[in-house]
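One structure below.
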Amino acid sequence: MSLRPWRVALLHVCVVVMIGVLTFPLILLGFNSLKSEVEIFDAPLGIPKAPTLANFRSVMLGTTFSVNMRNSFIVAVSTVLLAVVVTAPAGYAMSRFRFRGRTLFSMWLLATQSFPGIIMVLGLFTVLTVYGLVDRLPGLIMMHTSFSMPFSIWLLKGYFDKIPVELEEAARIDGCSRLGSLVRVVFPLSVPGLLAVATFSLLLSWNEFFFALVVMRSNVNYTLPVYLARFVGSGGVVQWGPLSAAALLATLPVLLLFLLGQRYLVSGLTGGAIK
Amino acid sequence: MPSSSTISRWPGGEGRRALPFLLPALVVLCMVSLYPLVQGVSRVFYSYRALARQDVFSGWENFTLLLSDPTFSAAFLNSIVWTATSVAGMFLFGYALATMLNSKHLRFRRFFRTASLVPWALPGVVISLIWRYIFLPNGPLNAVLGSLGLRGPEWLTNPSLALWTCVIATVWMGTPFVTVMLLAGLQSLEPELLEAAAIDGASYIQSQVHVIMPSMRKMILIVLTLETIWTFNSFDIVFVLTKGGPGSASMTLPLYAYQNAFMYYQAGYGAAIGVVILSVLLLAVVFYIREVLR
């Protein structure tokens, strides 16, 4: 099929406009982070005329930003590691073994998607209080791990389904132990799936707001989303320059990692988790 | 091919072998998912009493209070309107974009596909803050309208516009996921399918509605259900953008539940709102499970 030139041109115009709408707000954030408070409202759409790093300086030196960034980092990295370690064996079991309660377990995993945050947080508060984990990072790490688990297990099950059992059998006939065939044959083949889980968990944990808002009580324990939301003063007064600088710093590292890992996440979602 | 090896083809129950693999996941899920759910739901039968300074058993009181609470009915209605329009918007834009990104006439396809994912990676709070700035009375949107000779309204504080600002931000945030899923669906279609439709003289719209959409039925249904669940449950955008205001013009159920539980110390009342959310979503979930396990 070939298209007439004007239709090809129209296609490109439409795509550029839609991609523009999807990316321009982030570019706007970048502009604002380099502008003075006056310029932000004098020329809300313009390229910064006198770019300044003053906003970044005031955020780094005048607020708890670096501490909150460190918190976000600790929580996200721990969540990713825990999620991979816990969900990889579970996904393997879901793919390889037929046990009683397997369907029930699948249904439970799928159903957790719909549990309202308010109910979970009220219940979790009781658990965290018992273990003295309110306002502490380990409590948040546990919560984020549990949110990432259902989807991750489901995604990995899809990956393991695609690795033929015969490969494992061949390895065992060649003298591998059961564990050996897992480590030497199955694990290397499932790396793309593990990267998908890592990308998904990283995004989930780094961006999660509601539970962090409720459970973290002191400034120095906030993660970045809570820090950013608290930036808007009680009177609704906002310093947009510094806020944009902080929001940009809170966004870029994970955006870059996501763009590297999205390939695995997308193929994991469309190959195993959803189809 | 029948195989005699021990790992193959699962005869009967293999619970004992599966258990060590599942145990860590089961322990975490029981502690952080099953127990909190039961515990959280049980809160609906308790109310805070100032006199006793603690939660006391109150039976169905929280639910009867819900029925006569005008803010609750406003939030319920807003939630339905907000979810329905947002999901419809995401689907419309996502479907259009996926179709265009799938076209073999498009140049720089890889670049555009990657760029379309950007909103997916941004924290909900950052997305809300950006849109809050865009919608300011002296912000960029009204600057554009002003240069066209129009006087832009006060988007965030106008009762008939506030909810729609939340819809716009939500559509923006959800479009990448829909796009990427539908694009994968389109790529898995047989090219002969479309050529056959074209040869039969089907118009563009006809082949979309009668050929492409039916063959992606399962993918479309799952994406729509997931987005419905996520949007109905979501909190960040309304919390940062409008705080439910002005008045309760853009109040949604998750935000109202949060306010009751953590600002007015009515945890039981908040939990009751949560149970209402759960009951609505249970319908969606049953549908979702049936489609996925089919």
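Nothing in this text is a laboratory measurement; each read-out follows from the coordinates by a stated rule. Nothing here was measured: the structure is a model prediction, and the numbers come from that model. Because the Cβ atoms are built from the backbone with ideal geometry, glycine has one as well, and the counts that use them run over all protein chains shown.
Distance between the 7 Å Cα→Cβ label points at A:Thr63 and B:Val27: 3.9 nm. With respect to chain A, whose longest principal axis is taken over its alpha-carbon atoms, helix A:102-111 is tilted by about 10°. In plain terms, the chain from B:Asp200 to B:Gln54 could stretch by 45.3 nm, reckoned as 0.36 nm per residue minus the Cα-Cα distance. The packing ranking, built from the mean of other Cβ atoms within 10 Å per residue, places the peptides B:49-59, B:112-122 in the order B:112-122, B:49-59, highest first. Averaging the Cα positions of each part gives two centres, and for segment B:201-228 and segment A:137-171 these lie 30 Å apart.
Note on A:139-146: average number of Cβ atoms from other chains within 10 Å of each residue's Cβ is 2.
Here's the picture: a label point sits 7 Å out from the Cα of B:Gln208 along the beta-carbon direction, and within segment A:18-49 the residues with their amide nitrogen under 18 Å of it are A:18-19. Between A:Thr126 and B:Lys104, the simple label model (points 7 Å from Cα in the Cβ direction) yields a spacing of 6.0 nm.
Rg then Dmax, both in Å and based on the Cα atoms of segment A:64-273: 19.7, 71. Between the C-alpha center of segment B:17-79 and that of segment B:110-164 there is a gap of 35 Å. For the segment B:271-279, counting C-beta atoms of other chains within 10 Å of every residue's C-beta and taking the mean gives 4.
Angle, helix A:137-162 long axis vs. longest principal axis of chain A, Cα atoms, 0 to 90°, nearest 10? Once rounded, the angle reads 50 degrees. A Cβ-based charge dipole, computed about the Cα centre of segment B:61-293 with Lys and Arg at +1 and Asp and Glu at -1, lands at about 580 debye.
Counting only lysines at least 8 places from A:Lys157 when in the same chain, those with an alpha carbon closer than 25 Å to its own are A:Lys275, B:Lys218. Stretching B:Leu67 away from B:Ser188 to a fully extended chain increases their span by 38.7 nm, per 0.36 nm per residue minus the current alpha-carbon distance. The percentage of C-alpha pairs in the protein assembly as shown whose separation is greater than 46 Å is 17%.
Counting, for every residue in B:217-223, the Cβ atoms of other protein chains within 10 Å of its Cβ and taking the mean gives 1.
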